[in-house]
C-alpha cells in the first residue's frame, strides 16, 4: 500500500550538550517550566509539522518514555512508601503526547505506544494502521526518546542507551505538494517484509535524498 509523508521534522541536542532541549518560545513559561526534555522535543517536532495536518491525531512511540520522572516516582515509592501526584502526573509514556496536545491546542486525540521488539518498524505499522483501515486520512507519528538517567547506566544495555531525539512524520493517504511516497506491505507476515525500511535513520536518509532532488 502506498502512503505519503506530507511533512516531517527532526530535533536532537548537540553532541556536546546532550541534556539540552528546544527553547519552545511559543509555549507559555508557566507550562514550559514543568516539561521534560522528552516532552519539549516532542512539542517542537509536532509544532513544525502541525500545519500540514492540524486536525489529525497523534501517535507517540518511545522506548523509554519519561524515564527520569519514572525514576523519581520509583525512588519516592521505595524511600517514602508513597507517591505524590505532581511527579506521577507527568511520568511514563502518556505525558509527552498529552502535553503536546495541550501546548499546541490539538483536538485529534493521541495514542502512546511501546513496541515490544522493533521500535521503528512496529511503530510505523501502528501509526499507519488507522490510515490503512480507512479510519482516518492522516496521522502525526512521533518517535522520541530522552537522555537516560545516569542511575540506569549500570544495568542498561547498548540498545537502551539511545541518544536523545524526536522525529515527527505526517502520514497520509492523500498526496500534497512535496509529498514523499512510502510503501508498506500489510499482506506480508514478517515485519521486515511489511516495512521495507530497516530503521528510522534509513527512512530519514530517504526523505533527505528526496528533498535534495527538488
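Every read-out reported here was derived from the displayed coordinates using simple, explicitly stated rules and does not represent laboratory data. Nothing here was measured: the structure is a model prediction, and the numbers come from that model. Note that we place each Cβ from the backbone using ideal geometry, even for glycine, and neighbour counts take in every protein chain shown.
Tilt of helix 95-104 relative to the longest C-alpha principal axis of the chain, in degrees (0 to 90, nearest 10)? Tilt of helix 95-104: around 70 degrees. Taking every C-alpha pair closer than 8 Å and separated by at least 6 residues, the mean separation divided by the residue count of the chain gives a relative contact order of 33 percent. For the chain, the longest principal axis of the alpha carbon atoms and the long axis of helix 37-49 meet at an angle near 30°. Extension gain, residue 55-residue 17: 0.36 nm per intervening residue step, less the Cα-Cα distance, totals 10.2 nm.
Bridges between two residues of segment 2-213, per DSSP, are antiparallel at a rate of about 70%. Residues of segment 178-214 with an amide N closer than 18 Å to a point placed 7 Å from the Cα of residue 117 along the Cα-to-Cβ direction: 185-200. Computing Rg and Dmax of the Cα atoms in Å for the structure here picks out one of (1) 19.6, 60; (2) 17.5, 59; (3) 20.8, 74, namely (2).
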